[in-house]
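Structure first, commentary second.
The values are calculated or read from the model by the stated rules, or taken from the named source; none is laboratory data. Note that the structure is predicted; figures quoted are calculated from it, not measured. Methodologically, a virtual Cβ is constructed for each residue, glycine included, from the backbone with ideal geometry; neighbour enumeration extends over all protein chains shown. With ligands, DNA and RNA removed, areas are computed over all heavy atoms of the protein, side chains included. Shrake-Rupley method; radii C 1.70, N 1.55, O 1.52, S 1.80 Å.
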Amino acid sequence: MKEYGFTQPVLHLNQRWRLYAMPSIDHGWIVVPAKLADGTQTDLFTGGAVFSAKPANVADYLGDDRWHSYLYHVMMDKNQTLFREYTSYLVQRWNREHPATRQVKSASLIYMRQWTRADLSISAPERVVLYSENF
């Protein structure tokens, strides 16, 4: 029987566990600051004040599994189509629920990116503006 390294192929001990053993090196959360007609600012993602600090639980912050999947696809969009569409969705949702004095005049989609380093420490958040538009 031929050996491959330290394992025997007959026993199937040559398996790798990379799926769970290798954490994602790029991760983060989104912030969608908007300037309103009355001059105030709000975060269209949370509906509250604009904070760039990392949420206590990013998974809960981003929503259920469907939102996780959608937001993942938004963040991976290379041609900014989904950036524009998602930002427009948040602006329209906000404007429907608020009077003319609180309508959105400008909004930005910002990804607060962190990196997992080789020693498994986490970098400080980096602010990446993915999309910005005046309305």
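Which one of these is part of a helix (DSSP H, G or I), free of Cβ contacts under 8 Å to residues at least 40 places away in the same chain, open to solvent by 50 Å² or more (accessible area, probe 1.4 Å) and touching a helix residue (DSSP H, G or I) at 6+ places or on another chain (Cβ under 6 Å): His73, His68? Break it down stepwise before answering.
On the way: His73 fails: touching a helix residue (DSSP H, G or I) at 6+ places or on another chain (Cβ under 6 Å).
Answer to the selection: His68.
Does Val104 fit the bill of being surrounded by 11 or more Cβ atoms within 10 Å (Cβ to Cβ) and free of Cβ contacts under 8 Å to residues at least 60 places away in the same chain? If you could, list the steps in order and put the result at the bottom.
Values: surrounded by 11 or more Cβ atoms within 10 Å (Cβ to Cβ): yes; free of Cβ contacts under 8 Å to residues at least 60 places away in the same chain: no.
Answer is no for this residue.
Output yes when any residue across region 87-97 is touching a residue at least 60 places away in the same chain (Cβ under 8 Å) and farther than 15 Å from Gly28 by Cβ, and no when none is.
Looking for residues that are touching a residue at least 60 places away in the same chain (Cβ under 8 Å) and farther than 15 Å from Gly28 by Cβ, one finds at least one in region 87-97, hence yes.
If I ask for residues that are open to solvent by less than 30 Å² (accessible area, probe 1.4 Å) and under 12 Å from the mean Cα position of the chain (by Cα), which ones from region 112-127 would you list?
Those that are open to solvent by less than 30 Å² (accessible area, probe 1.4 Å) and under 12 Å from the mean Cα position of the chain (by Cα): Met112, Gln114.
Search region 33-57 for residues that are surrounded by 14 or more Cβ atoms within 10 Å (Cβ to Cβ) and pair each with any residue that is of a type in the set (S, T, N, Q) and in a loop (DSSP other than H, G, I, E, B) when their beta-carbon atoms are under 6 Å apart and the residues are at least 6 apart or on different chains.
Ala37/Gln103
What's the number of the condition Asp119 fails, among (1) assigned to a loop (DSSP other than H, G, I, E, B); (2) closer than 13 Å to Gly28 by Cβ?
Answer for Asp119: the failing condition is (2).
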